[in-house]
Each structure stands twice: as structure tokens, then as C-alpha cells.
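To start, the structure under review is shown below, and the notes come after it.
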Amino acid sequence: MSDDNTHSDRTINLGTTRGFGADIEETDEESNQGLFDDLLSGEPIFENKEVLRPSYTPHQLPHRSDQINKMATILVAALRGETPSNILIYGKTGTGKTASAKFVSKELETTSKKYSTPCDVEYINCEVTDTQYRVLAQLANKFIEENEQLIDERIDSLQSLLSATDSYESRLAEESVTDESSDNQLAAGEGPDSRSRSHSNSVSDPLDSISNPSDSDPNSPSSIQTGNTTPPTQSGSDKTATSDTDGRPSSEETPSESGNFPLETEGSSADRSASTSPESADRSPLAETPFSSAEEIRTRIEELEADRDSFEDVPMTGWPTDRVYSVFFDAVDYSERVVVIMLDEIDKLVEKSGDDTLYNLSRMNSELQNSRVSIIGISNDLKFTDFLDPRVKSSLGEEEIVFPPYDANQLRDILQHRAEVAFKSDVLSPDVIPLCAAFAAQEHGDARRALDLLRTAGELAERAQAETIIEEHVRKAQDKIELDRVVEVVRTLPTQSKLVLFSIILLEKNGVHSINTGEVFNIYKRLCEEIDADVLTQRRVTDLISELDMLGIVNAVVVSKGRYGRTKEISLSVPLEETEAVLLSDSRLSDIDDVQPFVQARFDN
Ligand code: ADP
Ligand code: MG
């Protein structure tokens, strides 16, 4: 008690003592140069900036109810213990695919908990997890973790059942030895204890449906359902005896018949015994379980422990893929459930490592004994399906949901919803949201771009210590985002493309207009020699120029030169200085210090 007081006193003192605060001010005055003071003095624009970031999952998704409802209509099958059709979702970036899919999967998981129907959704972003090995390993490890949790919960409830049974049996034994001794009072004293324990913990088997992997072969899992192998009627004689003395109806004895939803059975059974607590002290705790003796429970616990010990996490590299697959398969099939595997950016996976993963996942259901798998693939374009095995293609595309681009009005609604939470009141001038929406609508209706614009405009206003965000901030934000995109694209170009781009920049810097491919090639060659890079053919360099054109970094137009044929006229379409700075930040290119001689070279050939 006194200790507690001292602690809280000390805390208060630290926080509020004037003298302490004054000390800090004094020392600060000497060293503080006001670096942050100016920045802090402006009224903050944002109430909650996180709401505008891509990582934020909104609670409302305006203009996506059709798509969300369609997903729900298909996935509701999972809550009935059936296998939902596979779904292929596609639409351009920023059309709300990931946000909608995550929203639906969250709803699905919470509903499945509410009704105790075992259903798992596993989300994988294939841009990050982009090989079959990694996808399978990630899934295997997730299910292993989940199985371990299921087993732990199961063992806990079996332990309580065991101790309830033990005390029940010892009480029975004592009762039969003496009727009126003091021992009897002692034993009776144990009654309430064992009762409460068996009530707080379920007596049915939540993993009734767990198969025993040690008995199952990955290729033909025999799936012996250990929990169910003990026929409930085996405990019949016991139970009849107790229920007769109780006068309880025998219908109460129906054991966990709902093999499909073991967790539901667990809940209802616990409720049932709780509601009948006064009489149940005299009933065997085993009455409504598949077990007929404490020994059987011990054996079951040992089996579960052995299962848990047999799980081995898949390392992120190194195993043969078959082995990873078979561990994943067993982990999924360990208990009865419907599993929805959501593969976001699925086109990246197919592009990088083909359709093996999808092939393997889509044929799993024919071999799974206890569980069912359903796949949701999400892609930014449909072209990737051309590369799929026809069987995979038709299986994955059982249902297709299209996410069309948002138009400016829809983007306005989306921004409006978020802006209400993100900004302080009255900081947005009326034309800001419409302008952000209009810019993003041009950008194929990309909600991500719209939100980026609004956030960046707010940041620029904040930095300028403005009190409101105005149109000008949005325009500056648009320029900044565009530049950031260019910087990112240029930074990640392969060295050869960087050399080609650098050649174009050098020419422009020296006042050369209507640059042609030959001129670029000459400078490019010199640059390669300077840094000891391989020299590509002029034809290849022409291709690289076309790629830069497609990325929007240069503009290459074909012009006809009459009888001299056709040539390309190349110009830079991004800001010169910034782009040059990015190129020179590459350690290989920064070795080229004096570039002037190279530009002269264009006149040599
Ligand atoms: P995609 O996966 O199609 O590329 P996302 O789902 O990641 O797009 O959406 C991009 C951004 O736009 C996210 O921040 C998301 O929250 C937001 N967004 C997309 N659609 C909506 C919508 N209808 N309502 C609110 N926010 C949305
Ligand atoms: Mg996405």
C-alpha cells in the first residue's frame, strides 16, 4: 500500500514540479536556437495524417459496395463449411482492390469467430513474396503457428477436464468407502472446486476433427480423427449410471455431434454445463465427452503434444519445394476448416515464377481430407492470365470481379470522407478536393494518387505555415509527386539505361535540340569506355530509348526525313537538373567527372 503511494507521488512530482521544469528552460535558453520553435508556432493543419496514408484501412469504402457485396455473396459459403468459388479480382492500381479485399476478409474472420465456424483468411502480397517457395513457406508457417495455438488451447481444456475427472473419481471412491465419516466432508468440499473448473473450461473436444498427421501420408492422408475414434457410446454405462441417479434426460448425453464446427460445440457445451451447475456436481465430467476414462484423456494429451513437437517451421530457403508443399499441405489439413488464400499482386508472382504455385494450390482440394482451400487472386491487369495453364486459368477465374477506375466525382466522395477525419476543421479551401480528384481522375482514376495529392498538399501548406490549404498547394503537390515518381524510376534503371539517359542529358545541357539516335549512341559509347561498361549495339540502344519513352522520361518522336528515311528526335521530358543529380548519385556514373570531352565527341563521327 505505502509502496504504491510513494510511486504515484514520485510520478506526479516528476511531471509537475515547477522547479524541475524551470531548470530545463534555463539550460535550454543557452543552447536552443529556435530550430523547432518556428515550425511549432504554426497552427497544425492535420488532425490525423495517418488516415491519408496508403497503409490505413478505411472503415467505409464508398462506390465499392457492388464489388464488396459480390465478394461476400461468394465467400459466405465458407461460413457454411462449404468451399467458396475461387475469385479473380482485377482493376487498375488505386481502384480499391486491396482495401476492399482486406475489408471483406476482416468481416469474414470476425463473423467466423462469432459463429464459431472455423474459417481462416491468409493474405499474401506477391510483390514481396514472389516465388512458389516463399508463398508456400509463408503459408506453411502461418498454419503451423495456428495449429500450435489450437493444440495448446485443446491441451488446456483437456488438463482441466482431467483434473475435474480425477477429483470426481476420488470423491466417488471415498463416498463408496464411508458414508458418515469426516472424510466425506472433506471430499464434499472438493465438489464446488471441481465443478467450477469443469465449467470454466470446455468439456467437449474443440479439435474433434483434428487428424493425426503421424498416421497420414501427405499423398493420401488417411486422416484418422483421433478425437472421434473413441465412440461416445463407450462411456455409456458410466453415464447411464450417473444420469439415472440424477434423473437427467438422456438426450443431454448427445456428444459433440457437430464434427464440422468443433469450436461451436465447445462453446455450447460449456454453456450447457454452466446452466445446469447445481446438479452436475454429481455427474461425471466425462459425461458429454468422447472419453471414457482419465487414462484416455492422458493418452490424447500425449498425442497432441507429440503432434505439436512434430511440427517443423519451414526455413525461408533451402528445402526442396516438394517438401515445403507437403508440410504446408499437412498443416492446412490438420484440422477441419475453410481456408481462403488471398494472393494480392498475383500477376507479379506469375511474372516472376510462373504458374506452378497456382497450379498446386488449385488442385489441393481433391486431396485434402479435412479442410478446403479457396483462392482469391488480385491483379492490376488481366494479361497475366494468358501465361496460365488453361486449367489454372479456368479454376482461378471461376468468379471474376472487376474494379473499374473511379471518376472525378467518386474520387471527390472518397477524399471528402477521409478529409473529415484527417484535417482540422476549416483548413481546406473549397476547390482543393475537386482539384485533387480531377488530377487523379486523369491518372486512370487512381484513389491512391488522389489521397497522396491531398496529403502532400497539406504537408506543403503546413511547411509554408499557411492556415488553409489552397489550390496552389495542390498544384505544387502534383509537381512534387510527379518528380518523386521520376526520381524513383530513374534511380532504379539498369546501368545501361542510365548511361543512355545520361548521354541525352549531356546533349541537352550543351544546347543540342532534336537529338537523334546516332548522336546519343556516340556519347553513350564514350561513356561506356570511360567506366568500363559493355557497349551495346546501336540497335539495342534504340530499344532502350524506346523504353525510356514508355516510362515517360524522354520523348522520342519519329520524323520523316524525306528520301533520307526516318529518324527519331529525342528530348528529355523530365526536369534536367534533378534527373542528372539522381544519375550522378549512382556510384558507377559518379566516376565520370569531366563530361565536356564526351559532348565534343558527337561531332567526331
Ligand atoms: P489497389 O489495391 O486497387 O491498387 P488500394 O485498395 O490499395 O488500391 O487503394 C488505394 C488507396 O485508396 C488506399 O489508401 C485505399 O484505402 C484508398 N481507397 C481506394 N478505394 C477507396 C474507397 N472506395 N473508399 C475509400 N478509400 C479508398
Ligand atoms: Mg493493391
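All of the numbers you see were taken from the coordinates with simple rules; none came from a lab. Here the structure is a predicted model, which is why all the values come from computation and not from measurement. With ideal geometry, Cβ positions are generated from the backbone for all residues, glycine too; neighbour counts draw on all protein chains shown.
Annotations
- Packing-based exposure ordering (other Cβ within 10 Å, fewest first) of ASP333, ASP426: ASP426, ASP333
- Extension gain (nm, one decimal) between GLU302 and LYS92, 0.36 nm per residue minus Cα-Cα: 70.4 nm
- The simple Förster model, with R0 at 30 Å and r as the Cβ-Cβ distance, assigns SER366 and GLU145 a FRET efficiency of 0.70.
- Estimated FRET transfer efficiency when R0 is 22 angstrom, pair SER85-HIS417 (beta carbons, to 0.05): 0.10
- Hull-based mean projected area of the stretch 310-390, where the convex hull spans the alpha carbons, in square nanometres: 6.1 nm²
- Linear extension gain, GLU351 paired with SER571, 0.36 nm per residue minus alpha-carbon span: 76.0 nm
- In plain terms, the residue of ILE470, ILE504 with the fewest other Cβ atoms within 10 Å comes first and the most crowded comes last, giving ILE470, ILE504.
- Between SER590 and GLU153, the modelled labels are 5.4 nm apart [label points 7 Å from Cα along Cα→Cβ].
- Label separation (SER293 vs ARG391): 5.0 nm, computed from points 7 Å beyond Cα along the C-beta direction.
- Compared with the alpha-carbon gap, the fully stretched path from THR57 to THR111 is longer by 17.6 nm at 0.36 nm per residue.
- Cα convex hull of the stretch 94-156 - mean projected area over all directions, nm²: 5.4 nm²
- At an R0 of 41 angstrom, the distance between the Cβ atoms of VAL489 and LYS561 translates into a FRET efficiency of 0.85.
- Ranked list, fewest to most other Cβ atoms within 10 Å of each Cβ, for ILE68, ILE505: ILE68, ILE505
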